[in-house]
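Throughout, read-outs are computed from the coordinates displayed, never taken from laboratory work. Everything numeric here is computed off the predicted structure, so don't read it as measured data. All Cβ positions, glycine included, derive from the backbone under ideal geometry; neighbour counts span all protein chains shown.
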Amino acid sequence: MDTLAQSLLGTRGLSALWLLLLLSPAVLASYSIGIGRADSTGPTADIVFMGYAKMEQKGNGLHLRTFARAFIIDDGTERFVFVSVDNAMIGNDIRQEVLRKLKIQFGDMYTENNVMISGTHTHSAPGGFMLDMLFDLTTFGFVRESFDAVVNGITNSIQRAHNAVMPGRIFIIHGKVLDANINRSPQAYLNNPKSEREKYKYDVDKTLTQMQFIGADDKPLGVINWFAVHPTSMNNTNRLVSSDNVGYASILFEKTMNNNAMVGKGRFVAAFASTNLGDVSPNTRGPKCEFSGQNCSDQYTCPGKKEMCFASGPGKDMFDSTSIIAHRIYQESMRLWQSNEAMEVIGPVRVVHQYINMPEQSAEFYNETTKKVEEVHGCIPAMGYSFAAGTTDGPGSFAFEQGTTTSNPLWNTVRNFLATPTKDDIRCQSPKPILLTTGRIKLPYQWQPKIVSTQVAIIGNVVIAGVPGEFTTMSGRRLRESIRKVMSDASDDETSVIIAGLCNTYSDYITTPEEYQIQRYEGASTIYGPHTLTIYLKQYQELVKAAIQNKPISPGPPAPELLQSNLIILVPPVLYDTPRWRRNFGDVIQQPQKVASPGDTIIVIFVAGHPRNNLMTESTFLTVERLGDDEVWIPIATDADWETKFQWKRTSVILGSSQMTITWKIPQDIKLGEYRIRHNGYYRYVLGGVYPYYGVTNHFQVKVPAPNIRQRYYG
Ligand SMILES: *[C@@H]1O[C@H](CO)[C@@H](O)[C@H](O)[C@H]1NC(C)=O
Ligand SMILES: *[C@@H]1O[C@H](CO)[C@@H](O)[C@H](O)[C@H]1NC(C)=O
Ligand SMILES: *[C@@H]1O[C@H](CO)[C@@H](O)[C@H](O)[C@H]1NC(C)=O
């Protein structure tokens, strides 16, 4: 960047100051660091999950609770907050609501400028929190409970981080995980220039970047890991709320560091945050035809009429696959943590934020074919046809077409508001065949954002670029390169550039212009047209320059807040619960077996209320308890543990009766003894009010299986 070098020379005072700051570790060797975690689990039943856009994928239970994990970094002048939350994505209204709540407590300390909120992108958490019409289409509109759960989780995590601020140090290290991700749109990737592809060994990023936080007293405080992978090990048939592969990796890391504390408790916080995962799948066995097991066609179709093409693996089912991917990234992150090879991060903290109206942006693009620099523009948001086809991680989920009547009542209501694309839209989005001109539909309210948040934080020689969507592998590489260029013009130090995915606003995918030509799902969902990335490359360079020069930049146009709109809400509230005839809430319908062994699965069933009556935030719907030596029951697992699951079922809609099935897979390393399972919940009384209840099962013995006597005696 000649221009930047010149501008730095021209403003020697500023760049000299920057260098001085970088070179004076004695002054800046330590930061103030605050870390916090909070439960963000939304309603576990009756709400459609966000991610696969599949209406039938309504939650009916819980496998892993979701959490928000907040990290505050302060150099004494500037404060930066990074939050990773186990959620499909973050929308503008979520962040605004979080900031409003923080303002009440902390005044102007936490603002749009310095709070970066990144969704991990799990596809197994309840939806309806996005507000933009398109994203709430499959969830039957806005779901207040989902929205509040995410907002409260994020806000609480930042509050806890704020209250825990202490002096500390930061380190950074990079590792590699070779067997946990594959490219799910390799044909699109192959359309990138050969010379560029030759610079990289793989068609996905295998790097795991780790930021370590250590207290001034050398006490480990927390860690953020970034590894590019979709949390779609749990597929679109799953109906148990889950934080998926990356969420389980967080649990594993935290368990190790917190001396086996209960999930979601303990001081040490470990995030596995999203990055350029746009075209990256965890389903490492790759796409195969559902029944025949044969390879899919190049168009990802299968010969059989009703046969789907989807990716799975590496495990025997989706739970196994989730666990395998989680363990692979956890193991590498733990190796890095223990390696003692991390570099200390030293230098000032700078944060810059700007909203930009994407359709109004322009940038310069060097076309490899024509060898000419072209002026290119952003487009009015539109989705292409391939969007309706879905991906091999979750095929055919949005398969409705314009004007057709479907089983989706919300779609039938809003399809009259659809707008036809203008000639300009068609030209601008070309070669995308437009399915929905989401940017031109104003009714009932915004369908997809035009104004997006762009944000950069610099901590010493680490740059965190918070991006408003899902960058593909090559898009991410280009963005990192272009930011690195700006940084290396300003300092000789090696810079680590991290892309924090799905931050602040959600604007779908960002492919390279070349990948866009292929119009796979990711290209069809690159909503501002072929040069969405070209615009971001320019924008993030500007942000980094402004950060380096410590120059204020305009905040940009305010993003509309949809929470003020007359929101469409079609999800009915819970009306009432009644227990079964001659039963009470909490009664056990199915008791555990009397004796069990490590490795067995205990299954019990309770008379239950609706889990939406109370989300049991920071608490649990179920507890596995062991009888201690002093005759006290000790909780050893909750509903947030990997080994437990609950499934909830309305057994009669008219009577409002339901049951909860709880399973516990007994770990191999369990302490032998007397156990029982407890269920806590709330029921909604017919005449109004919500009341707590609980139930416990009979005791059961966990002991090692008796040796097989017959075998021993008779061989
Ligand atoms: C299926 O695809 C894999 C990976 O592309 C290839 O190695 C294999 O030969 C293919 N199998 C068949 C039967 O075409
Ligand atoms: C989802 O995973 C289950 C195994 O856990 C498998 O039976 C099912 O076919 C998968 N479905 C899809 C659409 O991936
Ligand atoms: C480069 O220019 C050619 C010729 O005008 C065009 O067909 C192609 O789409 C351009 N490439 C990109 C990535 O825009």
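Summary of computed values
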| quantity | calculated |
| --- | --- |
| Region 171-289: Cα Rg divided by the 2.2 N^0.38 Å rule of thumb | 1.25 |
| Contact order normalised by residue count of region 52-187, Cα under 8 Å, 6+ apart, percent | 27 percent |
| In sequence order, calculated HN-Hα J values of region 172-180 (Karplus, 6.51, -1.76, 1.60; Hz; x Gly/Pro) | 9, 8, 10, x, 9, 10, 8, 10, 10 |
| Cα-Cα separations in the chain greater than 51 Å, expressed as whole percent | 12 percent |
| Added length on full extension, which subtracts the Cα-Cα distance from 0.36 nm per residue, H174 to R285 | 37.4 nm |
| Under 5 Å, built H, 5+ apart or other chain: amide partners of Y506 | N92 |
| Cys residues of the chain counted as unpaired, since no other Cys beta-carbon is under 4.7 Å | C503 |
| Simple spin-label estimate for K372 and E674 in nanometres, 7 Å along Cα-Cβ | 8.6 nm |
| Intensity falloff of region 207-249 expressed as log10 I(q)/I(0), Debye formula with alpha-carbon point scatterers, at q = 0.21 Å⁻¹ | -0.77 |
| Cα→Cβ-extended label distance, 7 Å offset, between E341 and L687, nm | 7.0 nm |
| For region 243-312, alpha-carbon Rg relative to the globular expectation (2.2 N^0.38 Å, N residues) | 1.67 |
| Hz values of 3J(HN,Hα) by residue in region 648-654 - Karplus curve (6.51, -1.76, 1.60), Gly and Pro given as x | 10, 9, 6, 8, 8, 5, 5 |
| Sequence-distant residues sharing a close amide H with A637 (under 5 Å, placed H) | V624 |
| Cut-off 18 Å, label 7 Å out along Cα→Cβ of S565, residues of region 125-158 by amide N | 127-148 |
| Relative contact order (%) - region 588-702, alpha-carbon pairs under 8 angstrom, separation at least six | 35 percent |
| Inter-label distance for L575 and Q299, nm, one decimal - labels placed 7 Å from Cα along Cα-to-Cβ | 4.6 nm |
| The chain: angle of helix 473-490 to the longest principal axis, Cα-based, in degrees nearest 10 | 50 degrees |
| Summed side-chain charge close to T391 - residues other than T391 whose Cβ falls under 13 Å, Lys, Arg +1, Asp, Glu -1 | -2 |
| In degrees, nearest ten, helix 532-549 long axis to first principal axis of the chain (Cα) | 80 degrees |
| Distance histogram in 10 Å bins (all Cα pairs of region 588-702, percent per bin) | 14, 46, 29, 10, 1 |
| Rounded to 5, percent antiparallel among DSSP beta bridges of the chain | 85 percent |
| Pairs beyond 28 Å (Cα-Cα), from K594/K649; K201/K551; K201/K255; K206/K255; K423/K485 | K201/K551; K201/K255; K423/K485 |
| Region 272-277 - phi-based ³J(HN,Hα) in whole Hz, Karplus 6.51/-1.76/1.60, Gly and Pro as x | 10, 9, 7, 9, 7, 9 |
